[in-house]
Amino acid sequence: MEKKVTVKELLEKTKKPAQDALKLHPFYKGKIQVLPKCPIRSFDDFGIWYTPGVAEPCKEIAKNPDKVFEHTNKANFVAVISDGTRVLGLGDIGPLAGLPVMEGKALLFKYLGGVDAFPVMLDTKNPDEFIQAVKWVAPTFGGINLEDISSPKCFYILDKLRQEMDIPVWHDDQQGTAAITLAGVINGLKVVGKKMREVLYTIVGTGAANVCLIRTLVKAGVPYRNIIAVDSKGILHPDREDIELLKEKNPYKYDIAMRSNCENRTGDLTEALKGADVCIAASKPGPGTIKKEWVKNMNDNAIMFAEANPIPEIWPWEAKEAGVKVFGTGRSDFPNQVNNSLGFPGIFRGTLDVMAKTITDEMHIAAAYAIAEVAEQKGLSEEYIVPTMDDWEVFPHEAAAVGMKAIKQGIARKKLSEKEIYKNAEQIIKKAREETHMLMKKGFIVEP
């Protein structure tokens, strides 16, 4: 008979990743490095890769700037750029303390998507200085991944850079979280037998992740009236005392207050959860941010995603005891990891491979449906609604969906078939994984 795991044992298990991280980060002194991709048969080869031979590719690019994608690795370079003002669940810890997170992001980019990503920490909190710094370094990169920037300036930075740059600029806390959460909603609703357009959504937290999620849900077909959004002061509605201040200081949140919540419901999270079918939280780390007694007021066969890091707003077993049917978190040690890592590597792979000029909402919605499709093909259940990172075929699958959407929208520099995009992504990702395993096998990456 299988031994039942106690709550105490589950809690101890949640502490292990943090304990191991403190040992292994100083052991390896970082998580990424730079390696050559060209052969060095003898020192004579430096005459090709550097002076004097390198002058010829330089002259080609000077005559035709698009040649940079042929002569350099620009088409596979992504900058992971942050100011460290909204890191994971840690808040404003600054650029130095945020660097381990951006290195980790670059590692995931490479291993899961075959993308050469570099952490770039900016020592400024001024959004216009941030924008200028990104524009200064942009010639090196084929794409920009914005990360862990506080709200609401993250919206301004993203919108401005998307308008002014001809390479894709993406804010993973917004678009990445929205893509994987939408995938979870799509399949979660299939498991409980409900329809996306007909259910009531309670959105807990109105920072970068959930503001973009609401926009994404609406574009995917959810009526605005079926959404109730809650911030730290309660439910958003047109008659809130601070509505004029929101209009001035946070127009994104103001817009949600004016367009959502058709019942004009007021009050706190307790009221917002009454009769809800889906609750999506990206707010204050728990436990206890969402209480079990509040969850009991949700509809039968409810779905809940508690995405705060490092601790979800409510523990999975508490949510289940309160009647939630399908529950997900952002953590890998619980079922249904609604985690950005399933999104951005494949989304950027597809974007880079067709040399798209931007990443549209329609592209990350296409990725969400591709993610959902891979899980459905494997067989959905209450504890499996999205793929895991072990289901590596999800990444070329969504790359193909994203690349084809970019081509259809007329923003791709390169036209390929869906089969070509898939095959190219599959080969690049497989190579990145095999290179890592080879370095481990040969002892160049040593075991701890």
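Treat each spin label as a single point 7 Å out from the Cα along the C-beta direction, and report the residue 140 to residue 249 distance in nm.
The answer from the label model is 3.6 nm.
When the dipole is taken about the Cα centre of the stretch 342-441, and only Lys, Arg (+1) and Asp, Glu (-1) are charged at their Cβ, what size is it in debye, to the nearest 20?
700
Measuring from the lowest to the highest alpha carbon on each principal axis, how far does the stretch 212-334 reach, largest first, in angstroms?
Principal extents (largest minus smallest coordinate, Cα): 41, 28, 28 Å.
Can you sort 353, 20, 277, 391 so the residue with the fewest Cβ neighbours within 10 Å comes first? Before the final figure, lay out the partial values.
Working: 353 26, 20 11, 277 21, 391 17.
The most exposed by this proxy come first: 20, 391, 277, 353.
Tabulate in residue order the Karplus-calculated ³J(HN,Hα) for the stretch 421-430, using 6.51 cos²θ - 1.76 cosθ + 1.60 with θ = phi - 60°, rounded to whole Hz; enter x for Gly and Pro.
Listing the rounded values in order: 4, 4, 5, 5, 4, 4, 5, 5, 5, 4 Hz.
Between residue 362 and residue 232, with labels modelled 7 Å along Cα→Cβ, what's the label distance in nm to one decimal, could you check?
In this crude label model, residue 362 to residue 232 measures out at 3.8 nm.
First check a/c for the stretch 342-441, with a ≥ b ≥ c the square roots of the eigenvalues of its C-alpha gyration tensor; if it is under 1.5, answer rounded, and if not, answer prolate when a/b is larger than b/c or oblate otherwise. Walk me through the numbers before you get to the answer.
Working: a/c = 2.23, a/b = 1.16, b/c = 1.92.
In terms of gyration-tensor shape, oblate.
Regarding the chain, what is the average projected area of its C-alpha convex hull, in nm²? Kindly include the intermediate steps, with their values, before the conclusion.
Numbers: hull surface 94.7 nm².
Orientation-averaged projected area of the Cα hull: 23.7 nm².
Around residue 215, with a cut-off of 10 angstrom between Cβ atoms, what is the net charge of the other residues, counting Lys and Arg +1 and Asp and Glu -1?
Numbers: positive: 219; negative: 255, 361.
The answer is -1.
What pairs from 284/423; 16/195; 67/110; 63/415; 74/430; 37/219 go past 32 Å between their alpha carbons? Before the final figure, lay out the partial values.
Details: 284/423 41 Å; 16/195 38 Å; 67/110 24 Å; 63/415 23 Å; 74/430 20 Å; 37/219 41 Å.
Among 284/423; 16/195; 67/110; 63/415; 74/430; 37/219, the Cα-Cα distance tops 32 Å for 284/423; 16/195; 37/219.
What list do you get for 158, 10 if you sort them by fewest beta carbons within 10 Å? Walk me through the numbers on the way to the answer.
On the way: 158 22, 10 14.
Sorted ascending by nearby Cβ count, the order is 10, 158.
Indicate, rounded to the nearest 5 percent, the antiparallel portion of the DSSP beta bridges found entirely in the stretch 28-174.
Working: 1 of 14 bridges.
Taking every DSSP beta bridge within the stretch 28-174, about 5 percent pair in antiparallel fashion.
Can you work out the Karplus-derived ³J(HN,Hα) for every residue in the stretch 248-265? Use 6.51 cos²θ - 1.76 cosθ + 1.60 with θ = phi - 60°, whole Hz, and x for glycine or proline.
3J(HN,Hα) across the stretch 248-265, in whole Hz: 7, 9, 9, x, 5, 5, 4, 4, 5, 4, 7, 10, 9, 6, 5, 6, 6, 5.
Give me 318, 398, 420 ranked fewest to most by other Cβ atoms within 10 Å of their Cβ, as a rough exposure proxy. Don't skip to the answer; put the middle values down first.
Values: 318 21, 398 35, 420 15.
Listing 318, 398, 420 from fewest to most nearby Cβ atoms yields 420, 318, 398.
Based on the alpha-carbon gyration tensor of the stretch 4-128, what equivalent-ellipsoid semi-axes (square roots of 5 times the eigenvalues) come out, in whole Å, largest first? Spell out each step's value before the answer.
Values: eigenvalues 317, 81, 35 Å².
Listed largest to smallest, the semi-axes of the stretch 4-128 are 40, 20, 13 Å.
If you add up the charges near residue 261, with Lys and Arg at +1 and Asp and Glu at -1, over every other residue whose beta carbon is less than 12 angstrom from its beta carbon, what do you get? Working shown, then result.
On the way: positive: 225, 240, 259, 265; negative: 239, 263, 271.
Taking every other residue near residue 261 into account, the sum is +1.
Helix-derived [θ] at 222 nm for the chain: sum -39500 (n - 2.57) over DSSP H runs of at least 4, divide by residue count, nearest 500? Each step should come with its number before you reach the end.
Working: 18 runs with 208 residues, N = 448.
Only helices count here, giving -14500 deg cm²/dmol.
Would you mind counting up the charge near residue 151? Only other residues with Cβ under 10 Å from its Cβ, with Lys and Arg at +1 and Asp and Glu at -1. Numbers along the way, then the final one.
On the way: positive: 86, 153, 253; negative: 173.
Here the charged neighbours net out to +2.
Write out the GluC sites (Glu not before Pro) in the stretch 217-259 meeting two conditions: DSSP loop, and at most 16 other Cβ atoms within 10 Å of their Cβ.
Within the stretch 217-259, the qualifying GluC sites (Glu not before Pro) (loop, at most 16 other Cβ atoms within 10 Å) are 241.
Looking at the chain, what % of its DSSP beta bridges pair antiparallel, to the nearest 5?
Details: 5 of 36 bridges.
If I count the DSSP bridges inside the chain, around 15 percent turn out antiparallel.
Modelling each spin label as a point 7 Å along the Cα-to-Cβ direction, I'd like the residue 431/residue 12 distance in nm, to one decimal.
Each label point is offset 7 Å from its Cα along the Cβ direction, giving 4.6 nm.
For the stretch 95-137 and the stretch 206-224, compute the distance between their C-alpha centroids and round to whole Å.
25
To check you understand DSSP bridge types, tell me what percent of the beta bridges within the stretch 281-404 (both residues inside) are antiparallel, rounded to 5.
Working: 1 of 8 bridges.
Of the beta bridges lying entirely in the stretch 281-404, close to 10 percent run antiparallel.
Every number here is computed from the coordinates shown, using simple stated rules; none is lab data. This one's a predicted model, so the numbers in the text were calculated from it and none came from an experiment. Note: ideal-geometry Cβ built from the backbone for every residue, glycine included; neighbour counts use all protein chains shown.
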